[in-house]
Amino acid sequence: MLADYAVRVEQSGGRRHPEPPHPYRNDFQRDRDRVVHARAFRRLEAKTQVFTRRYSDHFRNRLTHTIEVAQISRTIAAQLGLNTDLVEALALVHDLGHPPFGHSGEKALDAAMREHGFSFDHNLHALRIVEDFEIRYASFRGLNLTFEVREGIIKHSRDYGADQHPELAEYLLDQRPPLEAQLIDLTDEIAYNTADLDDGYEARLLQVEQIADSVDLFTRHYSEARNRYPNAAEKLVFNEALKSIFDGLVGDLITNTAQRVEAAGVHSLEGVRRHKERLAAFSPPVEEERHRLKDFLHENLYYSPALAAEKEDAERITGELFAHWMEEPDDLPRNYREKAAQEPLPRVICDYIAGMTDPFIYQQYEKYCGG
């Protein structure tokens, strides 16, 4: 049973190119499947989350992170009476626009684009992928996803103003996205905050004592796990603490979002859209703890000296390759040279680099920049 404020597939805004209904899959299920079968989705397997494969192949990559976000999102959506098919499609597509090398690659691409009066935004790039870059069907370009999935791609994590992005006007920029889309940014944070603690610990870049000294949320759950399993190995106690943190964040998001919806008197999708703020949220105490955990990870993991060299390499490789193709556009593949006749060269180069996997961008760098 869907809640009265959930998105109903039969009331979808539809596809850009009308298609006949499928005999046994609804439109959001078809969107999910189209994303899973997309080339851009497969390439996520070889794109950095935090650790590159040169560091270790044991840790999360962009694809495994995406699968974790989908699992969390389905669970929460079901408890809130939301449309789990739409939520799953949005979770699976939410990182499709990320370039190689994680946030380092995104930072370098944006910096290179700004030198030419443009910018790079992975949400907007994901929309370009599903609207144009994926070529799978004879009847249309792109994946021809429903309005709700396309809207969620750009609005799940931030609001875009119509004055700055007139090209996005069709996506109701003056309204909030549905709760199905609002959830994704929060489940994304649950996934990577807990996973990055796990991977950082496994990489021996984070120590239990170090985390406990700075993150009260971890201290509390780790102490409870140690008391419950006094004879267990430290790693297993650590796992139990992470599981407890994970469950606590998920439970709080479910409970607090339901309470916010009730307090707002929202009883329809239109009510969600017209509300003054997003309704999906953690409770204030948990939100504060989440911020502390995030700050800790930024200070001690994402910007740790152990990862600094790889981040610098990522930014240098991305920037130098971009500069090379700006100077030597004839070195681009033929289809990108053809695109450059209709679109600005910086945008074409950005599109090419953003679609690369980590191994492929290394190959291109060695080929054109001499390693």
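The values are calculated or read from the model by the stated rules, or taken from the named source; none is laboratory data. Being a predicted model, the structure only gives us computed values, none of them experimental. When we count neighbours, we look across all protein chains shown, and the Cβ atoms used for this are built from the backbone with ideal geometry, even at glycine.
Quick rundown of the values:
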item	result
Every pair of residues 6+ apart whose Cβ atoms lie under 6 Å, when the first sits in the range 244-267 and is under 19 Å from GLN71 (Cα atoms) while the second is in a helix (DSSP H, G or I) and charged (D, E, K, R)	none
Condition check for LEU345: at negative phi, touching a helix residue (DSSP H, G or I) at 6+ places or on another chain (Cβ under 8 Å), surrounded by fewer than 18 Cβ atoms within 10 Å (Cβ to Cβ) and of a type in the set (A, V, I, L, M, F, W, C)	yes
Residue count for the range 3-54, restricted to those that are surrounded by fewer than 18 Cβ atoms within 10 Å (Cβ to Cβ), within 19 Å of the chain's Cα centre (by Cα) and either part of a loop (DSSP other than H, G, I, E, B) or polar (S, T, N, Q) (or both)	1
Cross-chain or 6+ apart pairs with Cβ under 9 Å, the range 122-148 first and within 26 Å of PRO178 (Cα to Cα) and part of a loop (DSSP other than H, G, I, E, B), then among the hydroxyl-bearing types (Ser, Thr, Tyr) and at pLDDT below 95	LEU143/TYR137; ASN144/TYR137
Close pairs (7 angstrom Cβ cut-off, 6 or more residues apart or separate chains): under 13 Å from GLU234 (Cα atoms) in the range 202-224, among the acidic types (Asp, Glu) anywhere	VAL208/GLU234
Matching residues, the range 273-296, being part of a loop (DSSP other than H, G, I, E, B) and not basic (Lys, Arg)	HIS275, GLU277, LEU279, ALA280, ALA281, PHE282, SER283
Some residue of the range 334-357 being in a helix (DSSP H, G or I) and touching a Cys at 6+ places or on another chain (Cβ under 8 Å)	no
Set ASP247, ASP252: member being in contact with a Phe, Trp or Tyr (Cβ under 9 Å, 6 or more places away or on another chain) and assigned to a helix (DSSP H, G or I)	ASP252
Filter result (more than 14 Å from the chain's Cα centre (by Cα) and among the β-branched types (Val, Ile, Thr)) within the range 171-199	THR194
Residue ID - surrounded by the fewest Cβ atoms within 10 Å (Cβ to Cβ), chosen from residues in the range 176-191 that are among the charged types (D, E, K, R) and closer than 15 Å to VAL266 by Cα	ARG176
GLN364 buried (at least 16 other Cβ atoms within 10 Å of the Cβ) and under 27 Å from PHE133 (Cβ atoms)	yes
Selection from the range 1-55 of residues that are of a type in the set (S, T, N, Q) and closer than 19 Å to LEU90 by Cβ	GLN11, SER12, ASN26, GLN29, GLN49
Close pairs (9 angstrom Cβ cut-off, 6 or more residues apart or separate chains): at positive phi in the range 13-35, of a type in the set (A, V, I, L, M, F, W, C) anywhere	GLY14/PHE147
Filter result for the condition that a residue is under 25 Å from VAL250 (Cβ atoms), acidic (Asp, Glu) and within 19 Å of the chain's Cα centre (by Cα), over GLU148, GLU224	GLU148
GLU320 being over 22 Å from ASN123 (Cβ atoms), of a type outside the set (A, V, I, L, M, F, W, C), assigned to a helix (DSSP H, G or I) and touching a Cys at 6+ places or on another chain (Cβ under 6 Å)	yes
Test: PRO305 is at pLDDT 95 or above and either surrounded by fewer than 18 Cβ atoms within 10 Å (Cβ to Cβ) or over 30 Å from PRO177 (Cα atoms) (or both)	no
